[in-house]
Amino acid sequence: MKKLSLEFKWAIIFVAMSLIWMLLEKLAGLHSTHIDKHATYTNFIAIPAITVYVFALLEKKNKFYHGSMTYLQGFVSGTIISVIIAILSPLTQIITTEIITPEFFPNAINYSVSAGLMKQVEAEQYFSLENYIKEGLIGALLMGIITTAIVAIFTRGKK
């Protein structure tokens, strides 16, 4: 377990960053008055997300591998971080939708229907805790592994 303490640390940092991001989205009105802009601006979470992975793999390289890490070592470490994040994603989603922004789903449903983007039933199915938990599990794992595959290229090598 000590071998994976760095991966656990960075997964927790990622989860905290995600929750702070959701709070910032809420405070910016992206879950209420500016919900029409949510789909665009929520994608900017990629910037801090990638940054977390970069710092995680650099720390792994410098502290665990003493400045020399192969691509595979970085990829494995980042994949472990992604798996931990995915495992924690249902809890992250529950905290987001039940505590940080309980009005998001009703607002998203109302906006999607009124803008003609979805029918009521479709919107209710899509903007639900169950669906977001499923999407979060798959998305965290998929995007985490893709991010890791790219970041490991740049963090490998010697000092």
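The values are calculated or read from the model by the stated rules, or taken from the named source; none is laboratory data. Computed from a predicted model, the values in this text were never measured in an experiment. Ideal geometry is used to build each Cβ from the backbone, glycine not excepted, and the neighbour counts take in all protein chains shown. Calculation scope for accessible area: heavy atoms of the full protein, side chains included, ligands and nucleic acids excluded. Shrake-Rupley method; radii C 1.70, N 1.55, O 1.52, S 1.80 Å.
Suppose the chain between Phe55 and Leu19 were pulled fully straight at 0.36 nm per residue; how much longer would it get relative to their current alpha carbon spacing?
Stretched out fully, the Phe55 to Leu19 stretch lengthens by 11.1 nm.
Cα centroids of the range 125-155 and the range 1-36: how far apart, whole angstrom?
Cα centroid to Cα centroid, the span is 13 Å.
With N denoting the number of residues in the range 9-159, provide Rg(C-alpha) divided by 2.2 N^0.38 Å, to two decimal places.
With N residues counted in the range 9-159, Rg over 2.2 N^0.38 Å equals 1.18.
Please quote Rg/Rh for the range 1-54 to two decimal places, taking the Kirkwood radius as Rh and restricting both calculations to Cα atoms.
1.13
Gain in length, Ile99 to His66, computed as 0.36 nm per residue apart minus the alpha-carbon separation, to one decimal in nm?
7.8 nm
So how far apart, in nm, are the two label points at Tyr41 and Phe154 if each is 7 Å from Cα heading toward Cβ?
In this crude label model, Tyr41 to Phe154 measures out at 2.5 nm.
Calculate, axis by axis, the spread of Cα positions in the range 95-159 along the three principal axes, and write the results as whole Å, longest axis first.
55, 26, 18
List the lysines whose Cα lies under 24 Å from the Cα of Lys158, skipping any in the same chain that are fewer than 8 positions away.
Reachable lysines: Lys2, Lys3, Lys9, Lys60, Lys61, Lys63.
Just the accessible area per residue of the range 1-99, please: how many Å² with a 1.4 Å probe?
Value for the range 1-99: 55 Å² per residue.
With the chain treated as a Gaussian network of Cα nodes joined by springs under 10 Å, which of Ile47, Ile133, Ile84 yields the largest mean-square fluctuation?
Ile47
Can you give the FRET efficiency to the nearest 0.05 for Lys9 and Val113, using r as the Cβ-Cβ distance and R₀ = 35 Å? Present the calculation step by step, with values, prior to reporting the outcome.
Working: r = 42 Å, r/R0 = 1.21.
That pair, Lys9 with Val113, gives E of 0.25.
Each residue of the range 8-21 in turn: what ³J(HN,Hα) in whole Hz from Karplus with 6.51, -1.76, 1.60 and θ = phi - 60°, glycine and Pro shown as x?
Working through the residues one at a time gives 4, 4, 6, 5, 5, 4, 4, 4, 4, 4, 4, 5, 5, 4 Hz.
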